[in-house]
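Visitor: Just passing along the structure, written as structure tokens.
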Amino acid sequence: MLKPKTKGLFIDVSEFSILAVRTSGYKLPIVIEEIAELPIAQDCSPADVRLFLEQLVDFKGAAYYVARCGIYPDGRFVRYYEVESLAKLKKPNFLADVIQSEFGVDPASHSVSILDARDGSDLDLEKGLSKHLVFCGAPSSAFQQAQDQLLEYGLYPERMELSTSTTLGGICDYVKLNRIAAPVLYIELASEVANFFILNKGRVEVARPVAFGLDSIYPLLQRELGLKDETSARKLFFSNTFDFAEMGPKLLRRLVKELQASAGFYEVQTGLTIERVFLSALPQNLSWIAQTVSDSMGVEVLKPDIGSWLEGLNVSLAEGVELSNLGPRWMSVFSLMGEFNLRQEDLSE
Amino acid sequence: MSKRGNLQPYWRPDFKIGSTLPDIKVVRTGFIINFIAVVCALFVIIMLLQNEYRIFQLNRSVAGIETQIQGATAENASLLKQSEHFRKTAKEIEELQHFYEAPFAANELLVELARLKPNGLLYSAVNFSDTVILTKVGKSTSAKMGYNIRISGQVRDFDILTAFKAALEASSLLQAEGFIVNVNEQVKSPDLITGVVSFDVSITLRAGTAPVGKGGAK
């Protein structure tokens with residue numbers, strides 16, 4: 001009955017790359033054994049992904065490897081909502097109505113989870129009522145599609161999580177651990193949509209989408225540089241050859257404007273000043289985006305010290321594992337390992 | 001499939017769609033373990049049942065035998081009584097035999113008497129009687145048998161009678177072991193006409209050891 005323990009595999013599948021971490025297992029304490037990344041090329045096939053995975057873990061001839069996955073399904077949303085009164089919460093269909101009316105999301109076709117904005121715990125309607133809620137989810141079809149894709153890669157999702165929410169949890173926990181007192185701005189920028197969040201001492205206080213995606217940059221870029229078409233603009237955008245530092249602000253102007261408006265509104269409302277910004281998911285060569293936002297808004301880029309943060313979560317590193325040159329996008333896959341409820345810190349307020 | 005007990009991890013709800021996931025359990029360890037457990041359980045149960053059955057059978061035969069015993073007890077008691085009675089009686093008989101200690105058999109006596117009868121002597125009657133002689137030794141009384149043979153007859157003359165008496169005394173048969181023998185005669189006057197003498201010879205045998213030589217006349 002004693003067989004060698006199956007290794008744990010944590011995967012984050014974004015549109016940019018697949019981040020993979022092999023660990024000693026899934027139960028704490030976890031030891032990280034190896035880290036690997038597969039940038040997703042245009043012509044990437046499931047077979048390529050499988051090959052990449054087989055170099056990291058031993059499938060033992062099975063069709064699937066059991067993994068814990070973070071995904072970015074199309075149409076995903078993570079929204080903050082403050083209920084007027086706790087009494088309203090108890091009304092049946094109230095939450096469904098909120099989803100429909102406030103977010104324009106059809107509860108029937110979407111898979112939604114409701115969390116307490118203060119600590120990310122599942123909203124329990126019977127006890128522990130909170131007026132501060134975070135709704136997160138995506139269309140059920142999008143989840144199904146993502147799941148099917150994971151299966152195609154040879155991954156059996158023991159857990160399939162919304163990376164946006166998981167990473168948000170990781171940042172909240174990081175803020176709590178390092179006792180970052182000032183609010184933090186967290187932006188998830190993808191091709192079609194951007195989500196931004198404002199966290200205060202580990203509690204989510206703002207969560208909204210911004211109608212701005214990387215795709216909207218390409219026409220701008222094409223015009224600026226006089227390129228042939230959007231495709232070449234896109235290629236250039238993702239290449240390492242061009243220095244976008246100068247052109248950055250122009251390309252991101254709409255996004256920055258939107259962020260400044262929301263951040264300003266928040267600062268006025270709460271009297272607090274946002275000091276840091278964190279951008280997730282973006283590959284290394286797009287790090288200029290974080291810099292641009294930081295410069296435009298006068299905030300510091302949050303570059304988390306992943307190693308010490310993980311130690312606090314009972315996740316250690318095996319010999320030879322280096323985290324120092326990993327970009328902030330790796331927060332997503334490491335957040336999959338985080339049991340944030342174990343953090344005993346009790347913050348006043 | 002949350003392995004964290006009942007608590008869903010904070011900030012990390014699980015959106016996997018279980019119904020469309022493939023079944024990946026290759027080795028149904030649960031099944032095997034259950035199977036082994038059930039087999040062991042069955043084995044133990046069967047052993048138990050076998051034992052119980054054996055016990056039941058033994059009990060039944062025990063009960064059967066006990067009924068038999070009970071049935072036979074009455075008969076057995078009576079048989080035992082009979083056996084005891086037999087034993088006692090046999091003992092008595094032995095004692096009696098020992099007590100009587102007949103020196104010889106009657107037919108032997110008759111043959112001997114017939115052999116010893118000389119010519120000129122007639123037996124008219126032979127009587128055999130016995131007595132119990134009680135002797136007191138200290139405080140206890142012992143009983144011994146005494147036998148008496150009385151021969152009545154006629155003889156032509158005294159010489160024949162004397163010879164006959166001597167012959168009787170010399171008879172090895174009459175000199176039985178463990179007996180003191182005495183031969184006595186009683187003579188009547190002879191008949192005037194015929195000259196025949198009627199006599200009575202009595203031989204007494206008494207239990208005891210005889211001194212060397214014959215017993216004298218009483």
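Visitor: In this structure, is B:ALA176 surrounded by 14 or more Cβ atoms within 10 Å (Cβ to Cβ) and touching a residue at least 12 places away in the same chain (Cβ under 8 Å)?
Guide: yes
Visitor: Additional query: For residues in the stretch B:144-163 being of a type in the set (D, E, K, R) and farther than 18 Å from B:ALA106 by Cβ, which is surrounded by the most Cβ atoms within 10 Å (Cβ to Cβ)?
Guide: It comes out as B:ARG156.
Visitor: Do we find that A:GLU205 is touching a residue at least 40 places away in the same chain (Cβ under 8 Å), in a strand (DSSP E or B), within 12 Å of another protein chain (Cβ to nearest Cβ) and surrounded by fewer than 23 Cβ atoms within 10 Å (Cβ to Cβ) in this structure?
Guide: It is false that A:GLU205 is touching a residue at least 40 places away in the same chain (Cβ under 8 Å), in a strand (DSSP E or B), within 12 Å of another protein chain (Cβ to nearest Cβ) and surrounded by fewer than 23 Cβ atoms within 10 Å (Cβ to Cβ).
Visitor: Looking at A:LEU252, is it surrounded by 14 or more Cβ atoms within 10 Å (Cβ to Cβ) and under 30 Å from A:ASN325 (Cβ atoms)?
Guide: yes
Visitor: Related question: What number of residues in the stretch A:212-242 are outside any helix (DSSP H, G or I) and in contact (Cβ under 8 Å) with a residue 40 or more places away in the chain?
Guide: 3
Visitor: Determine if the stretch B:110-131 includes at least one residue that is modelled with pLDDT under 90, farther than 27 Å from B:SER198 by Cβ and not charged (D, E, K, R).
Guide: No: the stretch B:110-131 contains no residue that is modelled with pLDDT under 90, farther than 27 Å from B:SER198 by Cβ and not charged (D, E, K, R).
Visitor: Please go through the stretch A:172-202 and give me each residue that is surrounded by 23 or more Cβ atoms within 10 Å (Cβ to Cβ) and assigned to a loop (DSSP other than H, G, I, E, B), ordered by number.
Guide: Correct list: A:PRO183, A:GLY202.
Visitor: Only residues that are within 11 Å of chain B (Cβ to nearest Cβ) and either aromatic (Phe, Trp, Tyr) or in a strand (DSSP E or B) (or both): list them for the stretch A:120-134, please.
Guide: Once the filter is applied, which keeps residues that are within 11 Å of chain B (Cβ to nearest Cβ) and either aromatic (Phe, Trp, Tyr) or in a strand (DSSP E or B) (or both), the stretch A:120-134 yields A:ASP122, A:VAL134.
Visitor: I'd like the full set of residues that are within 14 Å of chain B (Cβ to nearest Cβ) and crowded, with 18+ Cβ neighbours inside 10 Å, limited to the stretch A:24-54.
Guide: Residues satisfying the conditions are A:TYR26, A:ILE30.
Visitor: Now, a different point. Go through (1) more than 7 Å from every other protein chain (Cβ to nearest Cβ); (2) closer than 21 Å to A:VAL66 by Cα; (3) within 17 Å of the chain's Cα centre (by Cα) for A:LEU150 and report which single condition fails.
Guide: Condition not satisfied by A:LEU150: (3).
Visitor: Now a separate question. If you check B:LYS165, B:LYS139, B:LYS144, B:LYS91, which single one turns out to be at pLDDT 85 or above and more than 18 Å from B:SER202 (Cα to Cα)?
Guide: Within the list B:LYS165, B:LYS139, B:LYS144, B:LYS91, the selection yields B:LYS91.
Visitor: Give me the helices (runs of 4 or more DSSP H) completely within the stretch A:1-106, filtered to those with at least 1 residues that are within 20 Å of A:GLN149 (Cβ to Cβ), of a type outside the set (Asp, Glu) and without any contact (Cβ under 8 Å) to a residue 24 or more places away in the chain, ordered by residue number.
Guide: Here the list reads A:46-56.
Visitor: Among the residues of the stretch A:165-180, write down those that are more than 10 Å from chain B (Cβ to nearest Cβ) and at negative phi.
Guide: A:TYR174, A:VAL175, A:LYS176, A:LEU177, A:ASN178, A:ILE180
Visitor: Another question, if that's okay. Please determine whether any residue of the stretch A:237-248 is among the aromatic types (Phe, Trp, Tyr), surrounded by fewer than 20 Cβ atoms within 10 Å (Cβ to Cβ) and closer than 27 Å to A:ASP173 by Cβ.
Guide: No, the stretch A:237-248 has no match at all.
Conditions (1) loosely packed, with under 10 Cβ neighbours inside 10 Å; (2) among the polar types (S, T, N, Q); (3) assigned to a helix (DSSP H, G or I), marked per residue:
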residue	(1), (2), (3)
B:GLN70	yes, yes, yes
B:ASN76	no, yes, yes
B:LYS81	no, no, yes
B:GLU84	no, no, yes
B:ALA90	no, no, yes
B:GLU95	no, no, yes
B:PHE104	no, no, no
B:GLU108	no, no, yes
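Visitor: Taking the stretch A:83-119 as the region of interest, how many residues are within 14 Å of chain B (Cβ to nearest Cβ) and under 21 Å from the mean Cα position of the chain (by Cα)?
Guide: Qualifying residue count for the region: 10.
The values are calculated or read from the model by the stated rules, or taken from the named source; none is laboratory data. In this text the structure is predicted, and so the values were computed from the model without any measurement. In this analysis, Cβ positions are derived from the backbone assuming ideal geometry, glycine residues included, and neighbour counts consider all displayed protein chains.
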